[in-house]
Amino acid sequence: MEIIKVDHVTKNFTIYEKEPGLKGVFKSFLKAKKIIKTAVDDVSFSVSQGEIIGYIGPNGAGKSTTVKMLTGILTPSSGTITVDGLIPYQKRAQNAKKIGVVFGQRTQLWWDLPLRETFTVLKEIYQIPTAEFDERLAYFDALFGLSEFIKQPVRQLSLGQRMKADIVASLLHNPKLLFLDEPTIGLDVLAKESIRRTIKEINQKYQTTVILTTHDLADIEELCDRILLIDKGKIIYDGNVDLIRERYGSKKLVSFTLRSEEDAKKVDIDSFRTQDPDLQITLEGNQAHLVFNKQHLAIKDVIYHVLNQADVLDIDIADDQLENIIKAIYRHGLS
Amino acid sequence: MKRLKKYWPFMRASIMQMFIYRGTIWLWLIVDVFQFAMMVFLWKAVYQNNDVINGFAFTEMLLYYLLTNLFFVFSDVEAIYAVAEEIREGRISLYLTKPISYRLRLYFELLGRSLGILILLIPVVFLTGFTLFLIFDIVWIVTLEQILIAVLYVPLVFTLVFSFSFLFGTFSIYTTNVFGISIFASVFIRAVSGQLIPLAFYPDSLLSVLNLLPFRFVSYPPLVLLGKVATADAWIGLATLAAWVLLFVGGTALWFRASLKKMVVFGG
């Protein structure tokens, strides 16, 4: 079942350009230069109930603007959006009952009050029956160990605890749709892991649709089946995570563990550079890491070459990391 | 009423927040008492050569200042700063993704703040009043009807000032920085409502202009309690104020809804 439908949506912002220097400030004060900036440019996509979508793109690509239109905060300049049958910017409050939102860089929790108070306020806002509220708190307590910090003022929580609390706050009313904007930003490995596990579990248990915007591609690799890649306001890729790796991940990573550091220094791959000018080698103690384009060089040739040069103990072969693929797409586009 | 129930926790949380920083509260109370003592000396000097100025005797002036100080908590509603800050920092997004009215939420939050201050202020006003009554031998006769009218004015005054301030706060959707407008709005309300000095002290020409505006009603509760406004006039004033409040609330709602469409949310 389709829960989100975005149809040819464009969002323009009017900004006023300020000229540099003191003279510029006075000039802009009298007559500011008006610029129309297109943050989202003719974007169309749809999302089915229960999907976890990774919505990714560089800073300023239009991710947050899209999310803000989906949550009803912003109104599109043209095009239409429906979220579970509602137009979010026309029925903001009704739409809000069905969604949960976490902005990783901002908290919806009451800074000075014990965490429990925020949850009580949310209980009233969403009119959650007491039995259901208690049950959900117990559920999240089991997942996140909430009872350890629920009585503390929010300002005293660690970043990890605060993020967990923010996620709980956005899920207390069991929304159909969850928007997560950078939910793991600045967190340690354990906290990240715990948050990812919870998102997965919520998605499986309640069929909650999740729209995840993140710069941490490990989030995407662990959680998403599908990614939407946005750049300069346009969707440049909409599809499977494995497919993007298969189609655009032409790099291969081969790591050799050698008997000694001296052996590592013996590895000389310059003869391959004519075939693959982007070929890279990094030495780390007794390890040599090679990155090359598998369309230009045969993996067996590279391995055979190194085996002939040095005493190899172990070989590790991996596909290019999603992060590198996305980085290359940001730089050069899809080609 | 059921629709409003979900906003009560905001009021409750706001009251709770008032009592968190004890040091700030004590300092604030000390400043308040100090300020009041200064005003007593000031008015004492002013009344040195006159028994009555513009219909106010010295002791009435002290009572006026005391009562204004008490009622001031309901007209010192700086929605403008709250709105401007939430828009500038992008925190407005957090509230707009909740199934609540942004305006009503802020209304109840600020009402909670005012109630919190009132709880703190009542003992100070009582103690100061008691001291004044003893020192200056003040006689004050007040009727139940006067008290009832004064109390009825309070929610209307609060709503009027909130709407006015919110109206100006909405400007920040267009201009981002509303510092200048904020100062103008706060000073304007204080000046035209008689919070600084009774309106009776203003020249007639200015008074005739101020009479066209609803802000004079802000200082009605202390004036009614002091018998400076006849109860019949006070009832009429109450009805007039209610009409103004309806106009302001409606206008603010429309203006905010239209402005939201123009909003640019900053950051993330």
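Observations, loosely collected:
- Filter result (open to solvent by 50 Å² or more (accessible area, probe 1.4 Å) and more than 20 Å from the chain's Cα centre (by Cα)) within the range B:208-228: B:S208, B:V209
- Any helices (runs of 4 or more DSSP H) falling wholly within the range A:144-228 and containing at least 3 residues that are over 26 Å from A:I3 (Cα atoms): A:159-171, A:189-206
- When the range A:32-63 is limited to residues that are buried (at least 16 other Cβ atoms within 10 Å of the Cβ), part of a strand (DSSP E or B) and among the hydrophobic types (A, V, I, L, M, F, W, C), the one that is nearest to the other protein chains (Cβ to nearest Cβ) turns out to be A:A39.
- Among the residues making up the range A:109-125, a single one is open to solvent by 30 Å² or more (accessible area, probe 1.4 Å), within 7 Å of chain B (Cβ to nearest Cβ) and outside any helix (DSSP H, G or I): A:W110.
- Counted as qualifying within the range B:68-144 are the helices (runs of 4 or more DSSP H) with 2 or more residues that are at pLDDT below 90 and more than 14 Å from every other protein chain (Cβ to nearest Cβ), namely B:79-88, B:102-136.
- Residues located in the range B:19-41, provided they are at the interface with chain A (Cβ under 10 Å from one of its Cβ atoms) and of a type in the set (A, V, I, L, M): B:I20
- Filtered residue count, the range B:229-258, keeping only those that are surrounded by fewer than 16 Cβ atoms within 10 Å (Cβ to Cβ), within 14 Å of chain A (Cβ to nearest Cβ) and not aliphatic (A, V, I, L, M): 1
- The range B:170-191, subset under 16 Å from the mean Cα position of the chain (by Cα) and open to solvent by less than 20 Å² (accessible area, probe 1.4 Å), residue nearest to A:A32 (Cα to Cα): B:S182
- Residue satisfying condition, being touching a strand residue (DSSP E or B) at 6+ places or on another chain (Cβ under 8 Å) and at the interface with chain B (Cβ under 8 Å from one of its Cβ atoms), within set A:T71, A:T66, A:T80: A:T71
- Matching option when the condition is under 30 Å from A:A61 (Cβ atoms), part of a helix (DSSP H, G or I), of a type outside the set (S, T, Y) and without any contact (Cβ under 8 Å) to a residue 12 or more places away in the chain, among B:R190, B:R257: B:R257
- Residue in the range B:245-252 that is closer than 30 Å to A:A39 by Cα, among the aromatic types (F, W, Y) and assigned to a helix (DSSP H, G or I) present: no
- Leading residue by the ranking (most open to solvent (accessible area, probe 1.4 Å)) among those in the range A:97-106 that are among the basic types (K, R) and touching a residue at least 40 places away in the same chain (Cβ under 8 Å): A:K97
- For the range A:152-167, a residue qualifies if it is open to solvent by 60 Å² or more (accessible area, probe 1.4 Å) and more than 14 Å from chain B (Cβ to nearest Cβ), and exactly one does: A:L159.
- Qualifying residue in the range B:19-27 (condition: in a helix (DSSP H, G or I), open to solvent by 70 Å² or more (accessible area, probe 1.4 Å) and in contact with a helix residue (DSSP H, G or I) (Cβ under 9 Å, 6 or more places away or on another chain)): no
- Residues located in the range A:74-96, provided they are more than 19 Å from A:T208 (Cα to Cα), part of a loop (DSSP other than H, G, I, E, B) and open to solvent by 50 Å² or more (accessible area, probe 1.4 Å): A:S77, A:I87, A:Q90, A:K91
- Scanning the range A:200-243 for residues that are in contact with a strand residue (DSSP E or B) (Cβ under 6 Å, 6 or more places away or on another chain) and among the aliphatic types (A, V, I, L, M) yields A:V210, A:I211, A:L212, A:I220, A:L223, A:I227, A:L228, A:L229, A:I235, A:I236, A:V241.
- Filtering A:Y330, A:Y248, A:Y304 for residues that are modelled with pLDDT of 85 or more and either loosely packed, with under 13 Cβ neighbours inside 10 Å or under 30 Å from A:V9 (Cα atoms) (or both) leaves a single hit, A:Y304.
- Candidates in the range A:85-108 are the residues that are at the interface with another protein chain (Cβ under 8 Å from one of its Cβ atoms) and among the aliphatic types (A, V, I, L, M); of these, the one that is farthest from A:K63 (Cα to Cα) is A:A93.
- When A:V101 is tested against (1) among the aliphatic types (A, V, I, L, M); (2) in a strand (DSSP E or B); (3) assigned by TED's automatic domain parsing to the domain that holds A:R226; (4) over 20 Å from the mean Cα position of the chain (by Cα), exactly one condition is not met: (4).
The values are calculated or read from the model by the stated rules, or taken from the named source; none is laboratory data. What you see is a predicted model, and the numbers here were worked out from it, not measured in a lab. We place every Cβ from the backbone using ideal geometry, glycine too, and count neighbours over all the protein chains shown. Note: areas computed on protein heavy atoms with side chains; ligands, DNA, RNA excluded. Shrake-Rupley method; radii C 1.70, N 1.55, O 1.52, S 1.80 Å.
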